Amino acid sequence: MAEGDIQIALDEDQEQALEEQLTLDLQRMLGDSVNDPCFQDDPEWSEEELALRQNTPPDERRGNTLWCKCGNCIPMPTREESCCCSENQKIAHYFDGDTVCITSVPEMLTMCTEENHLDFMIRWSGRYSRAAYTHDRNRVLRKAAYRAFTTWAHGYLGPGNRIPIPSCVVDIIRKKFPDSKQRYTGFFWANDYPAIDMAFDF
C-alpha cells in the first residue's frame, strides 16, 4: 500500500450495500445507457454503415426459439446467444439416435454442472479470494461452468477468443446456479462488457 493510502475494512454486508448504492447512483446517472457496451463508439459507424443498419430487418433469432433443434433452448436477447447445441460442429459427435441435446450427455453434465468439480476449478485458478467467492458464489460458479463448457467443447481457444455457449447449456447452468435478482450478463465479445461494470474495474 502506498504512503498516504487509507484502507478501510468493510464487512460483507457493508461491501454489498456500498456496491448496490454505487450501482444505483450509476444507473441514475447513465439512464437508459446502463447496459450499453463500454466501447460502443470504438470505432464509430460511418453514415453509410448507420443507414445500412437502420434498413436491416430485425433479427429473426432474437427473443424466440424457432432456430432450436434440440427442444431445450430458451429465448435469448442477442443473435450471438441465440444458438442451439445442434449447430455446434465441435460437439456433433455426441448426437446419435438417442441424444438430441448436449444437456443430456453425462460427461458434459459432470464437467460443467457438478458443483464439487467447479469449486475445485475455482480454487485451483486462484482468480477469486475466499471473500469474493463466498459473497457472490452462484455468479462465480456460473462463470466457471461457462468456462468449463467452452473448454470441454472447444479445447484451448487462446486469449480474446470467445464463442457463444448454446442457449440450452446457458439455461441449465442458470437453473443450477441462479441469480436471486435474475441479473445475467450474457455474451460479450472480448474487451466488451456492460458500461456499468467499468466502474468496478479498479
Per-residue Cβ contact counts at 10 Å, fewest first, order E19, E47, E107 as E47, E107, E19
For K176, the lysines lying under 21 Å Cα to Cα, once residues fewer than eight places off in the same chain are dropped, come out as K143
For Y128, the residues 5 or more places away or on another chain with a placed amide H closer than 5 Å to its own amide H are none
Neighbour-count ranking for T134, T23 (other C-beta within 10 angstrom, fewest to most) reads T134, T23
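Show me the ranking of peptides 60-72, 82-94 by mean Cβ neighbours inside 10 Å, starting with the highest.
Per-residue Cβ counts within 10 Å, averaged per peptide and sorted highest first, yield 82-94, 60-72.
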Plugging the Cβ-Cβ distance of N138 and E47 into 1/(1 + (r/R0)^6) at R0 = 45 Å yields, to the nearest 0.05, a FRET efficiency of 0.50
Interchain or sequence-distant (5+) residues whose placed amide H lies within less than 5 Å of the amide H of M76 are G63, N64
The residues K175, K143, sorted from fewest to most surrounding Cβ atoms within 10 Å, come out as K175, K143
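Since every read-out is calculated from the coordinates, none of them should be taken as a lab result. Quantities reported herein were computed from a predicted structural model and do not represent experimental measurements. Don't worry about glycine lacking a Cβ; one is built from the backbone with ideal geometry, like all the others, and counts go over all protein chains shown.
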